[in-house]
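**Student:** One structure is given below, represented as structure tokens, and several questions about it will come after.
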Amino acid sequence: MKSPLLSLPGAVPAEGRDEGVAAHYGDLFREQRALADGAGFVDLSHRGVVTVSGGDRLSWLHLLLTQHVSDLPAGRATEALILSANGHIEHALSLVDDGETVWIHVEPGTQGELIAYLESMKFFYRVEVADRTGDFAVVHLPAGSVTEAPEGTVVRETAYGRDLFLPRAGLESFAAAHGPAAGVLAYEALRVEAHRPRLGFETDHRTIPHELGLIGSAVHLQKGCYRGQETVARVQNLGKPPRRLVFLHLDGSEVLLPGHGTPVRLAADGEEGRQLGFVTSAVRHHELGPIALALVKRNVPVDAPLIAGTTAAAQETVVEP
């Protein structure tokens, strides 16, 4: 969906997976600083919105998700995954229950496949699954924001801020009352700084939760069966995921950021050395300069200087080897 906020002054459309909202509104670093200070908001109206209602909604979702949600209190935000039979990440859900309905937002364009899977698992449970993307838009308020959510808005509050499930018809009036708007590039810069993985960026077809440090935040180890649990338990007991997420400080003299999928190698081996991983997200941060997340092989030394393509990179450990 194309956001009406693309008509705001200075709006530059985002591309790729974030198409449909603004990449920035003319000043990327100013927008980052505003979010870091708890001001403004981010238009995430391109994200998919799914609701699950009915008396069995929490007990039913508990059987399907990696997170413990059977007793999820109303208003408490959580994250969860849906895994393949082999334990690979297929869907990442950001959710909250309002006491009657579970509200979920997901990566743009993935709600159709998610709903198809959920519908196939309904059986005799008293649940109703709906695609509400056309009716509701996700708006992010940064941590520290004093903006009050409009009456009747479902709020998902986390350590990183609040996600509002805002009626799509009210998006422009919200922006007029609660600006300034910040683009998704500013939001992404703070996400990378916080080492927060994103589906489709830090994941590929074989990513398992341990590689991204999602045990605890999105995967509960003390709950009943769900698809892919065997892989989670095996890796947890052996403690040897094949890859690990790292944070990279990139050489600031480079003009271009390394793109998604750029090979990561040992600096000592040079550009012709063996590929040990790849860049997943690279951004320009208002204080840290160019930074990135990358997936590398588990046995890459944690103190080894790396190169991302042709760019020198110093690593920080996110997931212990």
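**Student:** So, in region 214-228, how many residues would count as being buried (at least 19 other Cβ atoms within 10 Å of the Cβ) and in a loop (DSSP other than H, G, I, E, B)?
**Tutor:** The qualifying residues number 6.
**Student:** To continue, here is another question. Are any residues in region 127-144 under 19 Å from the mean Cα position of the chain (by Cα), under 11 Å from Thr51 (Cα atoms) and assigned to a strand (DSSP E or B), and if so, which ones?
**Tutor:** The answer is Phe136, and nothing else.
**Student:** Next up: Test of understanding: among Gly99, Gly20, which residue is out of contact with any Cys (no Cβ under 6 Å at 6 or more places or on another chain) and closer than 27 Å to Ala186 by Cβ?
**Tutor:** Result of the check over Gly99, Gly20: Gly20.
**Student:** Assess whether Arg196 counts as being over 24 Å from the mean Cα position of the chain (by Cα), modelled with pLDDT of 95 or more and not polar (S, T, N, Q).
**Tutor:** Taking the combined requirement at face value, the residue does not satisfy it.
**Student:** Can you name every residue in region 54-96 that is part of a strand (DSSP E or B) and small (Gly, Ala, Ser)?
**Tutor:** Result: Ala80, Ala92, Ser94.
**Student:** Kindly indicate the residue of region 1-13 that is in contact with a Leu (Cβ under 7 Å, 6 or more places away or on another chain) and part of a helix (DSSP H, G or I) and also surrounded by the most Cβ atoms within 10 Å (Cβ to Cβ) among those meeting that condition.
**Tutor:** Filtering region 1-13 for residues that are in contact with a Leu (Cβ under 7 Å, 6 or more places away or on another chain) and part of a helix (DSSP H, G or I), the one surrounded by the most Cβ atoms within 10 Å (Cβ to Cβ) comes out as Leu5.
**Student:** With the structure loaded, tell me whether Arg57 is under 20 Å from the mean Cα position of the chain (by Cα) and either within 26 Å of Ala176 (Cα to Cα) or not hydroxyl-bearing (Ser, Thr, Tyr) (or both) or whether it fails that test.
**Tutor:** It is false that Arg57 is under 20 Å from the mean Cα position of the chain (by Cα) and either within 26 Å of Ala176 (Cα to Cα) or not hydroxyl-bearing (Ser, Thr, Tyr) (or both).
**Student:** If you check Val138, Val146, which single one turns out to be β-branched (Val, Ile, Thr), under 24 Å from Asp37 (Cα atoms) and open to solvent by 30 Å² or more (accessible area, probe 1.4 Å)?
**Tutor:** When all the criteria are applied, what remains is Val146.
**Student:** Are any of the residues in region 58-78 touching a Phe, Trp or Tyr at 6+ places or on another chain (Cβ under 9 Å), on the phi > 0 side of the Ramachandran plot and open to solvent by 10 Å² or more (accessible area, probe 1.4 Å)?
**Tutor:** No.
**Student:** Can you tell me which condition Arg126 does not meet? The list is (1) free of Cβ contacts under 8 Å to residues at least 24 places away in the same chain; (2) charged (D, E, K, R); (3) exposed (fewer than 15 other Cβ atoms within 10 Å of the Cβ), and all the others hold.
**Tutor:** Going through the list (1) free of Cβ contacts under 8 Å to residues at least 24 places away in the same chain; (2) charged (D, E, K, R); (3) exposed (fewer than 15 other Cβ atoms within 10 Å of the Cβ), Arg126 breaks only (1).
**Student:** Filter region 284-303 for residues that are hydrophobic (A, V, I, L, M, F, W, C) and touching a strand residue (DSSP E or B) at 6+ places or on another chain (Cβ under 6 Å) and give the result.
**Tutor:** Ile291, Ala292, Leu293, Ala294, Leu295, Val296, Val302
**Student:** Could you run through region 297-312 and say how many residues are within 25 Å of the chain's Cα centre (by Cα) and farther than 23 Å from Leu257 by Cβ?
**Tutor:** Qualifying residue count, region 297-312: 2.
**Student:** Still on this model: Among the numbered criteria (1) touching a residue at least 60 places away in the same chain (Cβ under 8 Å); (2) open to solvent by 30 Å² or more (accessible area, probe 1.4 Å), which single criterion is violated by Gly16?
**Tutor:** So the condition that Gly16 fails would be (1).
**Student:** For region 23-57, enumerate the residues that are over 17 Å from Leu190 (Cα atoms), of a type outside the set (S, T, N, Q) and open to solvent by 10 Å² or more (accessible area, probe 1.4 Å).
**Tutor:** Gly26, His46, Arg47, Gly54, Gly55, Asp56, Arg57
**Student:** Is there a residue being small (Gly, Ala, Ser), modelled with pLDDT of 95 or more, more than 30 Å from Arg243 (Cα to Cα) and in contact with a His (Cβ under 8 Å, 6 or more places away or on another chain) anywhere in region 27-34?
**Tutor:** No; the residues of region 27-34 include none that is small (Gly, Ala, Ser), modelled with pLDDT of 95 or more, more than 30 Å from Arg243 (Cα to Cα) and in contact with a His (Cβ under 8 Å, 6 or more places away or on another chain).
**Student:** Of all residues in region 202-213 being open to solvent by 40 Å² or more (accessible area, probe 1.4 Å) and not small (Gly, Ala, Ser), which is farthest from Pro4 (Cα to Cα)?
**Tutor:** It comes out as Arg206.
The values are calculated or read from the model by the stated rules, or taken from the named source; none is laboratory data. Only a predicted model underlies this, so the values are computations on that prediction, with no experimental measurement involved. Because the Cβ atoms are built from the backbone with ideal geometry, glycine has one as well, and the counts that use them run over all protein chains shown. What goes into the accessible areas is simple: the full protein's heavy atoms, side chains included, and nothing from ligands, DNA or RNA. Shrake-Rupley method; radii C 1.70, N 1.55, O 1.52, S 1.80 Å.
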